[in-house]
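Undergrad: This structure is in structure tokens; I'll ask about it shortly.
The numbers here are math on the coordinates, done by the rules we state, and not lab data. If you're wondering where the values come from, they're calculated on a predicted model, not measured in any experiment.
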Amino acid sequence: MTVCVVELPQELRVKASQQFQDVELVRRSQAGDTEAFGELVTKYRTKIFTMVYGMVRNEHDAWDLAQEGFVRAWQSIHRFEGRSSFYTWLYSLTMNLTIYSLRRKGRREEVELNDAIPSSLPGPGVNYQRTEIREQVNAALAKLSPKHRAVVVLKELEDRQYREIAEVLNLSLGTVMSRLFYGRKKLQSMLRPIYNQIYQTRPPL
């Protein structure tokens, strides 16, 4: 009898290997091994910082929140049951911490979306006004509530899939889609005046 062995694609093999390594590091961390947890911190600190920075748009605050996220993760590592990957669990914990921080302090830091918002930014013929557009986008995004901003950032900046966003934020798929729809519409509504002005004053080609 011939056994057919199907080899996984390189990307899947690497991902599986990383998850296996994480499982072992988490097991050691839960046993009190601080060096093992330090390896997890080193592995994911850049990704976590990037996510937090996308929310708060301030480097100092982003590092503080990322650090607090890792501290919380260490304090509650014994409660991690492996129902998701360690990174998803860490990402969710830190994202919720960031949202809470924004709500608590009533902060409205700017987040640049650049060309991320569909059907919003004009074409290259108006690049001379890009700075003005960016400032308007920043101001508009800052007016979104933290819960709507979180979904927009994860989708538009992080390019996450809907199911990933739902898992990270512990929301239903319908809630994610609803918040993203509301967030996009709200942004487009706030940005419409400047785009109308740009197109009305756009020089002929």
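Undergrad: On a full-extension model of 0.36 nm per residue, what is the gain between residue 139 and residue 60, subtracting their alpha-carbon distance, rounded to one decimal in nm? Show your work: numbers first, answer last.
TA: Numbers: separation 79, 0.36 × 79 = 28.44 nm, distance 2.03 nm.
Full extension from residue 139 to residue 60 adds 26.4 nm.
Undergrad: What pairs from 47/143; 47/185; 47/155 go past 23 Å between their alpha carbons?
TA: Working: 47/143 25 Å; 47/185 28 Å; 47/155 15 Å.
From 47/143; 47/185; 47/155, over 23 Å: 47/143; 47/185.
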